[in-house]
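**Student:** The structure's right below; bear with me while I get my questions together.
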Amino acid sequence: MKVEVKIKLFGMSHALVERDLDKVEDKFKLDLERDVIEDKDEVYYPQFTQHFRQEAAEMGKHYELFYCLEKSIRRLIADALEGAHGENWWDTTVPEDIKKNVKDNIQREIDSGVTLRSEEEIDFTNFGELGEIVRKNWNSFPMFSSQKAFSKIMTSLNTLRGPIAHCCLLAEDEVVRLKLAVKDWFRLME
């Protein structure tokens with residue numbers, strides 16, 4: 001047997017063993033600690049219960065998905081408004097109450113002595129405010145097929161964001177709902 005074939009067979013058998021071990025971990029609610037993550041805190045992390053570490057691992061994939069989605073929504077809004085209204089889009093298109101809230105959020109971080117999360121004001125808005133910015137500037141977003149659908153999807157995403165952002169386990173139905181809401185988001189831009 002050729003070396004290339006042996007290597008492929010080894011890789012395939014390794015993948016099958018990993019899949020079977022995943023099933024065992026899921027079935028028996030175990031963590032066999034097969035994932036080596038070098039950045040994990042070695043002092044504090046091991047002190048948390050196995051149950052919390054398992055929930056964190058499960059929720060991590062939902063957090064990553066929502067993180068990417070929310071960052072891309074923020075970027076899409078900023079790019080669309082800058083393209084339609086120029087560099088001063090924030091000053092000319094964002095409702096005053098949102099600008100005030102953002103200013104307060106920035107000041108709160110400054111007063112706390114922490115590193116500011118961003119240099120862009122849009123990163124200090126909450127998720128609901130993002131939807132409001134789009135609705136107030138609807139004509140600047142031709143990529144969206146329906147304002148009613150946009151509002152419905154943003155409301156659904158905002159509801160699903162709560163447990164993800166506040167360290168609560170997503171119920172099985174809500175995991176399905178999250179996947180559908182993300183799918184709806186991308187369909188909205190077709």
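**Student:** Which condition does D41 not pass, out of (1) acidic (D, E); (2) within 25 Å of L178 (Cβ to Cβ); (3) modelled with pLDDT of 70 or more, if it passes all the others?
**Tutor:** It is condition (2) that D41 fails.
**Student:** Being outside any helix (DSSP H, G or I) and either in contact (Cβ under 8 Å) with a residue 12 or more places away in the chain or outside the structural domain of K179 (by TED's automatic domain parsing) (or both) is the filter here, so list the residues in the stretch 67-121 that pass it.
**Tutor:** V94, P95, E120
**Student:** Oh, and also: From F150, F144, which residue is in contact with a helix residue (DSSP H, G or I) (Cβ under 8 Å, 6 or more places away or on another chain), surrounded by 11 or more Cβ atoms within 10 Å (Cβ to Cβ) and in a loop (DSSP other than H, G, I, E, B)?
**Tutor:** None of the others qualify; the one that does is F144.
**Student:** So how many residues does the stretch 115-141 have that are out of contact with any helix residue (DSSP H, G or I) (no Cβ under 9 Å at 6 or more places or on another chain) and either modelled with pLDDT under 95 or closer than 16 Å to T93 by Cβ (or both)?
**Tutor:** Residues meeting the conditions: 0.
**Student:** Under 6 Å between Cβ atoms, which residue pairs at least 6 apart in sequence (or on different chains) link something in the stretch 36-58 that is surrounded by 10 or more Cβ atoms within 10 Å (Cβ to Cβ) with a partner that is in a loop (DSSP other than H, G, I, E, B) and modelled with pLDDT of 85 or more?
**Tutor:** Close Cβ pairs (under 6 Å, with a partner that is in a loop (DSSP other than H, G, I, E, B) and modelled with pLDDT of 85 or more) amount to E55/L169.
**Student:** Further question on the same structure: In the stretch 153-176, which residue that is crowded, with 16+ Cβ neighbours inside 10 Å and without any contact (Cβ under 8 Å) to a residue 24 or more places away in the chain is nearest to A56 (Cα to Cα)?
**Tutor:** Among those residues, the one meeting the criterion is P163.
**Student:** Being assigned to a loop (DSSP other than H, G, I, E, B) and out of contact with any Pro (no Cβ under 6 Å at 6 or more places or on another chain) is the filter here, so list the residues in the stretch 168-186 that pass it.
**Tutor:** Those that are assigned to a loop (DSSP other than H, G, I, E, B) and out of contact with any Pro (no Cβ under 6 Å at 6 or more places or on another chain): C168, L169, A171.
**Student:** Counting just the residues of the stretch 115-141 that are among the aliphatic types (A, V, I, L, M) and buried (at least 18 other Cβ atoms within 10 Å of the Cβ), which one comes out nearest to N105 (Cα to Cα)?
**Tutor:** So the residue we want is I122.
**Student:** Another one. How about the stretch 133-154: which of its residues are under 19 Å from the mean Cα position of the chain (by Cα) and over 18 Å from S72 (Cβ atoms)?
**Tutor:** S151, K152
**Student:** Out of (1) assigned to a helix (DSSP H, G or I); (2) modelled with pLDDT of 70 or more; (3) farther than 30 Å from F141 by Cβ, the odd one out for E64 is which?
**Tutor:** Answer for E64: the failing condition is (3).
The values are calculated or read from the model by the stated rules, or taken from the named source; none is laboratory data. Note that the coordinates shown come from a computational prediction; the quantities given were computed from them, not determined experimentally. Every residue, glycine as well, gets a Cβ built from its backbone with ideal geometry; the counts of neighbours run over all protein chains shown.
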